[in-house]
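Report on the structure given below.
The values are calculated or read from the model by the stated rules, or taken from the named source; none is laboratory data. These figures come from a predicted structure and were not determined experimentally. Backbone-built Cβ (ideal geometry, glycine too); neighbour counts: all protein chains shown.
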Amino acid sequence: MQPVVLFVLVVFLVLVLIVLLAMRKPGGTGRTDIEEQTFEFQPDTDQSAAPFVGRRVRIVAPSQMLNGAPRKLQINLLPLPKLNAMGAPPPEKHIDALVALALNPQVRDVERNEDLVNFAPPLRVTVYYSEADAQATTLENGAPQLSIVTAYESDGSWRYERLETVVTPAEGGGTLDANLSTLQPDDPIAMGRP
């Protein structure tokens, strides 16, 4: 092979390596193929075991960037606490009562095997409510007064946060939709009134 051709091949390979290294983000995997992930959970039907899912739930997770790279998420389900053991939400939270526990998710980064607790952009949570759930509350403009609530245990008692919720009635039930920006492991998601 002639020295000029060999020199051109070496220069070409060096340029390709430089471009590939420049495209790679620090601390990341260089992956750009992770977009939105959707997780669907169906209510448990086995009453003999500790429940993990109390209502049908969909969680849509937009791509989460960590250290400059998109991350693939995994959602593990933890057992639901007993609703009657959680206590009533305090009046200043404007939650009259908890109607049902939906699920207790643990969101993890698959590649690093670490919990994620802050989400930007937020996760989109949909809880499907039944006709019986709607009948447990009052109607306003044809929609039941329900909301998505997160709960967490602190200093031996439960704390509650009501999320801004969009209620969409349908025949036989409907959906509750909210954005979730933060969620610690073992913080259950519930359906509250209002």
(request) Scan the strands (runs of 3 or more DSSP E) fully inside the range 88-152 and keep the ones with 1 or more residues being within 24 Å of Q74 (Cα to Cα) and touching a Gly at 6+ places or on another chain (Cβ under 7 Å). (result) 97-103, 118-130
(message) If I ask for residues that are at pLDDT 90 or above and surrounded by fewer than 15 Cβ atoms within 10 Å (Cβ to Cβ), which ones from the range 37-52 would you list?
(response) T38, E40, Q42
(request) Give the residues of the range 169-183 that are modelled with pLDDT under 95 and β-branched (V, I, T), sorted by residue number. (result) T182
(message) Which residue is nearest to Q37 (Cα to Cα), if the candidates are limited to the range 101-127 and must be out of contact with any Asp or Glu (no Cβ under 9 Å at 6 or more places or on another chain) and buried (at least 19 other Cβ atoms within 10 Å of the Cβ)?
(response) L123
(message) Could you tell me how many of the residues in the range 153-166 are among the acidic types (D, E), at pLDDT below 95 and not in a strand (DSSP E or B)?
(response) 1
(request) Mind listing whichever residues of the range 53-85 are under 22 Å from A132 (Cα atoms) and crowded, with 18+ Cβ neighbours inside 10 Å? (result) V53, G54, R55, R56, V57, L80, P81
